[in-house]
1. Can you pull out the GluC sites (Glu not before Pro) in the range 610-690 that DSSP calls coil and that have at most 12 other Cβ atoms within 10 Å?
2. Compute the acute angle (0 to 90°) between the alpha-carbon long axis of helix 3-22 and the principal axis of greatest extent of the alpha-carbon atoms of the chain; round to the nearest 10°.
3. With a point put 7 Å past each Cα toward its Cβ, work out how far Thr316 is from Asp589 in nm, to one decimal.
4. Given a Förster distance of 25 angstrom, what is the FRET efficiency for Asn448 paired with Glu338, based on the Cβ-Cβ distance and rounded to 0.05?
5. Which of the trypsin sites (Lys or Arg not before Pro) found in the range 304-363 are loop residues per DSSP with 12 or fewer other Cβ atoms within 10 Å of their Cβ?
6. Can you put Glu494, Glu87 in order of accessible area, largest first, using a 1.4 Å probe?
7. Any idea what % of Cα-Cα pairs in the range 393-509 are farther than 23 Å?
8. Just to confirm a number: summing +1 for Lys and Arg and -1 for Asp and Glu over residues other than Val335 whose beta-carbon lies under 15 angstrom from that of Val335, what do you get?
Amino acid sequence: MNFRFLISIYTLVTLTVNLISAQSITQIIRGTAVDKVSQSPLPGATVILLNSNPINGTATDMDGNFKLEKVPLGNQTLKISFLGYKELLIPNIIVNSGKEVVLTISLEENIMQSKEVEIIDKVEKNKPLNEYSAVSARTFSVEETQKYAAAVNDPARMATAFAGVVSTEDGNNAIAIRGNSPNGLLWRMDGLEIPNPNHFSNVATSGGGISILSSQLLSNSDFSTGAFPAEYGNALSGVFDLKLRKGNNQKSEHTIQAGFLGTDISTEGPFKKGYNGSYLINYRYSTLSLLSQLGVNVGFGTTVFQDIAYNIYLPTKSYGNFSLFGFGGLSKQIVKAEKDSSQWDFNYKRYNVDFISNTGAAGFSHILPFNSTTYIKTSLVLAGTGKGYIEEKLDEDYTSVPTNNLDYTQNRISISSIVTKKLNAKSSIKTGVIGSKLFYDLLNTGLNSDSHQTETLIDDKGNAHTLQAFAQWNYHMTEKLNFVGGLHAITLIENETYSIEPRASIKYQFNPLQSIGFGYGLHSQIQPTGVYFVKVENMDGSTSKPNENLELTKSHHFVLSYDRSINEFLHLRAEAYYQYLFNVPISTDATNTFSMLNNEGGFFTDPLVNNGKGRNYGLEVTAEQYLHHDFYFLLSTSFYDSKFRASNNQWYNTRFNGNFATSFTAGKEFKTGEKFNHRIVGLNIKTIYSGGLRSTPIDFNASAAKGETVYIDAEAYSIQQKNYFRTDLKFSVKRNRKNSTITWALDIQNATNRKNVYGEYYDPLLNATTTEYQSSLIPILSYKIDF
């Protein structure tokens, strides 16, 4: 073997390696085109990848399916057209090498078919998926929950970037919408109400420490903040209408993510070749120990959580399509008291706490088309929550004294049947009924600070039934004018309370760039379950339940909306709203200013009466640039006022009346080129500046005498905390390989380490009022691979 031959071999190998490296990595985009209302497939629709050379396009088959191969990586745009329907543009489809892109594309029928007018529709985030939502609603995507700084794949944390939404606590993802309490939020999945899908959640609240639902499971979903359409019930402030993503039905794909929040594993794929069914399963486990070892305060004691979520799709040829879906989360926190009194620099260090919060739901749904214009969807959901809290205080001799014990179990079975019918190109109706049966077993005992005796506040088990029904009509009067009307009814059968609620909205499209809309709705919400079963002791020694006949809290929503598109990528929206709340539970004691409008969680255990009122009004302005040239931003500003009327007929600020909130969210991606193996560097920022939440002054002398915090009720929420400021940063590096995508990300929450005040409390050990601050700087590093 001579030297010239070796040089030839080396040259050939080098050229081959360079040729392989030079070949561009591509991916597949495929999916299904369906009618937006009837969900029937559209065979023969044209699908074209814009800016492709040569043109990359195809047509849907008899089942509405399409497939585009050799799609370059990066942000792509599809154009879909079908005779008699509005042409649709879908921009900013993110194509990575690790996973195929699978889409369900909904086309809207053109009501001007008799005229040769080309009408182009476009997928935009300001437009909700639910066509019956005309105001105060928008869609949010999985990409947003993954890109937004500090969102950590959590829809609720992501929503704090939207107008009218503020976080009530850094260590929790509970959100206050337009001055309302977080417990006014409704969570829905596949059209049915689900229990609060968050770890470390209390009863009667909508938030928790971290979301149970991984972004791997979610598809684009809707978020509404007022004047909801008739299908949404049992909510006062907002609705998360979650949609689940189907697994890839042609190829097995996986995701593994590891980081300071734990390990996240997802797998999806087909059951067998040639069958359109699929599975999608996600599992997570975390101890948060890595953050604790870095010196980051993530709460006291040992904190552990794990969860699983799944969506199984089983279509048939003659009997409709079946789905099995669900989630389950286990979380606990154990705090051990310091058995050395010299270490008791704060009172909480002498307490043992054992807290568990378990939540889950398992659902079944069936969609059966009657014909090309009508289908019925039937769903069944089994849901359950278990909350436990055991608290013990160490005496001076280190003897444990029980101080609090909560054991709440609530299980629910819900069934719904909903019919959707497309009457014609202009009109469609949707109507349904939802029935639920609740099984509860509730226990709450606590140490009375005055008598020093353990007393039982709640001890009841049984069941309760709710029934909801709705009907709504969507009518396109003209190409520019659209009307949606409906009626919702809800009743709690056990105490014969009910609400019949009209809903209506109208929207006028001046031209393709601007529109105006108005929405109205009467809305109501059932009280937290445990409130109905509070027990009080009467003068004769017997007990009674003073709250068992409480009525539903109700509110009128009025929203005026204006939308303006500056250009293809920049959008403005302004909304003015007014909300009047009535039938609000308040204390029967004229000296007690409690109102359910300020309750963030837990079961209030005093006698209540439905004499309270409230009002929220404000103006919201949003400027948003959708992803363009790898850059996006969202600037939202809210000015609002939130008040409640207590049992003394006086009006007060609610706890959530911050008066203003501004947030700026932005991101930019940089493509590094061949020198750095075409890595994509992402920089994202979110900055929030808002008015501080409110608190009630502490009566120091009364607190010192009682040994616990006592507030001055007559001055309810008269103190406003300092304005809240927080900046979150996210850095990411993504690399597409031949069959995988690798992403490193560093999320820095509260990057400036701002000390935002949460509130004050009285510490009996220090005999002083102590200020409690919100989260400090928290770094979250993660590594993810899609393959």
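The values are calculated or read from the model by the stated rules, or taken from the named source; none is laboratory data. Because the structure is predicted, anything quoted here is derived from the model rather than measured. Cβ sites come from the backbone with ideal geometry, for glycine too, and all protein chains shown count toward neighbours. Areas reflect the complete protein model, heavy atoms only, side chains present, ligands, DNA and RNA absent. Shrake-Rupley method; radii C 1.70, N 1.55, O 1.52, S 1.80 Å.
1. none
2. 60 degrees
3. Using points 7 Å along Cα→Cβ, the separation is 6.0 nm.
4. Using R0 = 25 Å, I get an efficiency of 0.45.
5. Sparse-neighbourhood loop trypsin sites (Lys or Arg not before Pro): Lys317, Lys339.
6. The most accessible residue leads, giving Glu494, Glu87.
7. Pairs farther apart than 23 Å: 59 percent.
8. Every neighbour counted, the sum reads +2.
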